[in-house]
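Heads up, the thing below is written out as structure tokens.
Read-outs: derived from the displayed coordinates by stated rules, not from any lab. As the structure is a prediction and not an experimental result, all values here were calculated from the model. Counting neighbours? That spans all protein chains shown, and the Cβs are built from the backbone with ideal geometry, glycine included.
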């Protein structure tokens, strides 16, 4: 009877020899270039010495956000792939014998790296959180699949993939490494600080430890199953937290004796069509007779009701394209409409509407008097990924092309009419520091302000609100669902009644900050 060979023994050597000096050179080089200002200093700097292919993902993110022209992007990409392949080949023992394998390995990771970087940059430019999360998922999945491959001892990438899958992708090692890397990224968050450079050596040490484990053939399968179980447990716990955590009760419906509620919808809306039109004003104590809707085209005699809870009796009809008009025009029409609303006024905005309202209320214009409170649902306090105008070179050129591609797909599919080069988009989102400068203009001290941030948007909200603006992120509520969420409206109602709205839990913010190291470096970092 013929004995059956252990497939793991046939699949890979017991230990793959690894040289560490190439990684040490990359670490020192990354630190020196960051100190010199050639490389950006942000939490993702530690990923430049991360476990392959995560290192290439970091290179591509830097190039997408920083390359000022397509030529320099292509040159940078060729250099990045070539240098990474050479370093990995040297780590595997022989540049001449292994460079073909390592080059094919990084080429296999190049498409998902570019896709993840493009989605992340587009999400941070357009402030669409789901694009950022999609880019993160692609990054993590690619790392899980490809990370074990170079350390299997295989001569071909396909063979290495086969061995890696047979070894259950070394899930325990990769999972622990990924968690440790995320924790490291939380230690120093502020971009632009030289202390970011200090995180490079610990990141390199994590890489050494992970490679040391991956280069040794696993002798037991228990650890893999434990890792899978822990991973599934974490996922189930997070899903349970999102779906099962109680909402905190219902908002007050006590009628307010006087005053008005002025609703300012966000981008990509039209008269009666948009998330804010689903808000029931009675949940905040206002009747439909006290409720007024802002029109992006100015004063008028109202518009069709469509999905609006209350009749739209004032303001001119507007379309989705009108929401992208220049900020100066929108500020003027906001003030003109606000002047016709009975006092006292509570202004409630959604998404982009916060910018319009803030621009109007911070002007000290007499028409803005009589406003008691500004409640901002799902607002954004910064523009994270600027890009140059169409046809012009400049920092973020490739990222800008990715944004234009995403907006074109949105228009083609009918999902959105958002335009990457519309006047308001260029004025705020595509211009470095524009949103931050807008919020530097302070409101009248008599106006109380509250920002109710969507937890799913937290990677896009760096908390740069002016002093005096209360911030909370109640419940696991998506960006578009906030206007009809009892959880969110309860907090808004309490705030209007003079109660403390609370704060955003620290552990929730930490979950969001994990994405920063996996994202594009901010402008100026």
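A few notes on this one:
- Order of 301, 408, 350 - criterion: other Cβ atoms within 10 Å of each residue's Cβ, fewest first: 301, 408, 350
- Axis angle, to the nearest 10 degrees, between helix 21-35 and the longest C-alpha principal axis of the chain: 30 degrees.
- Exposure proxy order (Cβ contacts within 10 Å, fewest to most) of 411, 484: 411, 484
- From the largest down, the range 48-104 spans 36, 21, 13 angstrom on the principal axes of its Cα atoms.
- The helix-based estimate of mean residue ellipticity at 222 nm for the chain, built from -39,500 (n - 2.57) per DSSP H run of four or more residues and divided by its residue count, is -14500 deg cm²/dmol to the nearest 500.
- For the peptides 89-100, 378-389, 270-281, residues were scored by their other Cβ atoms within 10 Å and the scores averaged per peptide; the highest-first order is 378-389, 270-281, 89-100.
- For the chain, the share of DSSP beta bridges that are antiparallel, to the nearest 5, is 10%.
- Sequence of 297, 102 once ranked by neighbouring C-beta atoms within 10 Å, starting from the fewest: 297, 102
- Förster radius 41 Å - calculated FRET efficiency between residue 155 and residue 508, Cβ distance, rounded to 0.05: 0.30
- Take every Cα pair under 8 Å whose residues are at least 6 apart in sequence, average their separation, divide by the length of the range 278-408, and the relative contact order is 17 percent.
- Using the Cα coordinates of the chain, the gyration tensor eigenvalues translate into equivalent-ellipsoid semi-axes of 49, 25, 19 Å, sorted from longest to shortest.
- The chain: relative contact order in percent, alpha carbon pairs under 8 Å with at least 6 residues between: 19 percent
- Remark: the residue 130-residue 33 segment gains 31.7 nm on full extension, using 0.36 nm per residue and subtracting the alpha carbon distance.
- Three-way shape label, the range 7-220, alpha-carbon gyration tensor, a/c 1.5: prolate
- Three-way shape call for the range 435-525 based on the alpha-carbon gyration tensor, with the a/c threshold at 1.5: oblate
- Dividing the mean sequence gap of close Cα pairs (under 8 Å, 6+ apart) by how many residues the range 369-525 holds gives a relative contact order of 27 percent.
- The angle separating the long axis of helix 129-146 from the principal Cα axis of greatest extent in the chain is about 10 degrees.
- Using alpha-carbon coordinates, inclination of helix 327-338 to the longest axis of the chain, degrees: 40 degrees
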